[in-house]
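Derivation of every value follows stated rules applied to the coordinates shown; laboratory data play no part. Keep in mind the model is a prediction, meaning the values are calculated, not measured. Positions of Cβ are generated from backbone atoms using ideal geometry, with glycine treated the same way; all protein chains shown enter the neighbour counts.
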Amino acid sequence: MTPNVWIKRYRRPWETVAADEVVDLFTSDVSYRSSVFREPFLGRDAIGQYGQRGAGAQHEVAAWAADPRPSSR
């Protein structure tokens, strides 16, 4: 999966309140931080719970991300 495909698949669930789709993007031993100052969510179940709480509390979400690859300049 290319970085741009991964980003598109990551954005969609947040915008459509389908947090379970985010879980499918990660391995079982994932460590995910929603902020650098917060404790990580460990494992897919923890990410799923975080996603359900966040997705249910947010409305009209528009997610975006820049291309993660360095510029070829």
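Whole-Å semi-axes of the range 3-57's equivalent ellipsoid, largest first, each the root of 5 times a Cα gyration tensor eigenvalue? Write out the running numbers ahead of the final one.
Numbers: eigenvalues 54, 38, 24 Å².
For the range 3-57, the semi-axes come out at 16, 14, 11 Å.
Give a residue-ordered list of calculated ³J(HN,Hα) values for the range 5-14 (Karplus: 6.51 cos²θ - 1.76 cosθ + 1.60, θ = phi - 60°; whole Hz; x for Gly, Pro).
5, 4, 4, 4, 5, 6, 5, 3, x, 5
7 Å from Cα along Cα→Cβ at both N4 and A46: what's the point-to-point distance in nm?
For N4 paired with A46, the spin-label model returns 3.3 nm.
Using unit Cβ charges (K, R positive; D, E negative) and no other charged atoms, how large, in debye to the nearest 20, is the dipole of the range 3-57 about its Cα centre? Let's see the in-between values first.
On the way: 8 positive and 7 negative charges, 46 e Å.
Roughly 220 debye for the range 3-57.
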